[in-house]
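Data first, discussion second: the structure below is written as structure tokens.
The values are calculated or read from the model by the stated rules, or taken from the named source; none is laboratory data. Just so we're clear, the structure is a prediction, and the values are computed from it rather than from any experiment. Cβ placement follows ideal geometry from the backbone for every residue including glycine, while neighbour counts extend to all protein chains displayed.
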Amino acid sequence: MYRKEFYIYNGDIPLPAVIRSYKETDFTSLAEMNRECFPPPFPDELLWNHNQLQNHVNLFPDGALCIEVGGEMAGSMTSLMVDYHHTDGDHSWDEITDRGYIGNHNPKGNTLYVVDISVRPRFRKLGLGKWLMFSMYDVVIHHNLERLLGGGRMPGYHKVSDKMTPEEYLQAVVSGKLKDPVLTFLLRCGRTPVKAVLNYLEDEESCNCAALMEWRNPFFHTS
Ligand SMILES: CC(C)(COP(=O)(O)OP(=O)(O)OC[C@H]1O[C@@H](n2cnc3c(N)ncnc32)[C@H](O)[C@@H]1OP(=O)(O)O)[C@@H](O)C(=O)NCCC(=O)NCCS
């Protein structure tokens with residue numbers, strides 16, 4: 001179980017915040033928040049259901065984190081452990097997360113894989129997403145995993161998909177020529193690009209593509 005208490009700043013005002021493992025009594029507010037964070041055209045069937053949340057809590061509570069600000073649910077991030085090697089072929093979100101049910105969670109895996117991250121619209125740009133990401137880095141270090149990995153959405157890609165491949169779009173964001181609401185956020189959190197992946201997740205804005213991005217554990221040891 002994970003718990004961290006601190007203050008976040010809204011301008012000059014410090015607000016009490018806590019990042020902790022979520023539990024069954026949080027499911028209603030998590031589902032409500034999920035709906036707010038992923039509005040249409042994001043498909044309804046990809047929003048959390050009770051069984052998925054129950055599995056996160058039962059199978060890997062260290063990877064099921066939420067952030068509360070002033071006692072209000074403001075964001076969440078979920079992960080599972082998998083065995084991953086860069087020589088592996090491409091995977092989809094459905095395959096690597098067991099459609100969000102994490103039934104494939106492997107406590108002997110080498111990689112912490114991100115199932116999702118979201119922050120409620122009215123709490124965005126306050127640093128909460130970054131706090132959640134850095135808390136998952138804590139989990140990577142605590143479990144002595146090689147890396148954190150995840151497929152980042154690229155919701156700005158549909159605007160240029162007639163001119164650029166997903167890989168060219170990723171490179172344009174990494175070189176600073178373009179900004180993307182998710183990829184730029186991930187770069188600012190210290191994630192580095194591995195490659196663009198096609199047919200990752202049904203996601204109109206990203207043209208079903210994602211950028212596989214990692215963070216390597218500086219403390220990883222084999223003994
Ligand atoms: C992506 C998301 C989680 C970011 O959360 P957030 O709490 O607003 O992000 P933070 O305030 O922690 O921002 C961290 C850094 O990213 C940058 N950033 C955040 N949103 C950004 C955006 N839309 N465009 C460019 N940069 C952005 C911030 O400027 C900040 O940079 P800094 O730390 O160098 O100052 C949030 O926008 C969200 O929930 N989006 C919808 C759900 C989603 O698509 N999730 C991704 C699934 S792969």
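Residue-wise test of (1) buried (at least 17 other Cβ atoms within 10 Å of the Cβ); (2) hydrophobic (A, V, I, L, M, F, W, C); (3) touching a Lys or Arg at 6+ places or on another chain (Cβ under 7 Å).
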site: TYR101; (1), (2), (3): yes, no, no
site: LYS108; (1), (2), (3): no, no, no
site: ASP116; (1), (2), (3): yes, no, no
site: ARG124; (1), (2), (3): no, no, no
site: LEU132; (1), (2), (3): yes, yes, no
site: LEU148; (1), (2), (3): yes, yes, no
site: GLY151; (1), (2), (3): yes, no, no
site: MET154; (1), (2), (3): yes, yes, no
site: LYS163; (1), (2), (3): no, no, no
Q: Scan the stretch 129-186 for residues that are closer than 29 Å to PHE6 by Cβ and among the aliphatic types (A, V, I, L, M) and report the count.
A: 12
Q. (1) among the basic types (Lys, Arg); (2) near the ligand (Cβ under 9 Å from one of its atoms); (3) crowded, with 16+ Cβ neighbours inside 10 Å; (4) not assigned by TED's automatic domain parsing to the domain that holds PRO43: which one isn't true of ARG191, the others all being true?
A. (2)
Q: Go over the candidates LEU128, LEU186 one by one and state the one that is within 23 Å of ASP62 (Cα to Cα) and either of a type in the set (Gly, Ala, Ser) or assigned by TED's automatic domain parsing to the domain that holds SER21 (or both).
A: LEU128
Q. Restricting to the stretch 108-130, what's the tally of residues that are near the ligand (Cβ under 6 Å from one of its atoms) and assigned to a loop (DSSP other than H, G, I, E, B)?
A. 4
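For residues that are free of Cβ contacts under 8 Å to residues at least 60 places away in the same chain and either surrounded by 24 or more Cβ atoms within 10 Å (Cβ to Cβ) or hydrophobic (A, V, I, L, M, F, W, C) (or both), tally how many sit in the stretch 50-74.
Step one: list which residues in the stretch 50-74 are free of Cβ contacts under 8 Å to residues at least 60 places away in the same chain, which gives 50-60, 64, 66, 68, 70-74.
Then drop every residue that is not either surrounded by 24 or more Cβ atoms within 10 Å (Cβ to Cβ) or hydrophobic (A, V, I, L, M, F, W, C) (or both), which leaves 53, 56-57, 59-60, 64, 66, 73-74.
So the answer is 9.
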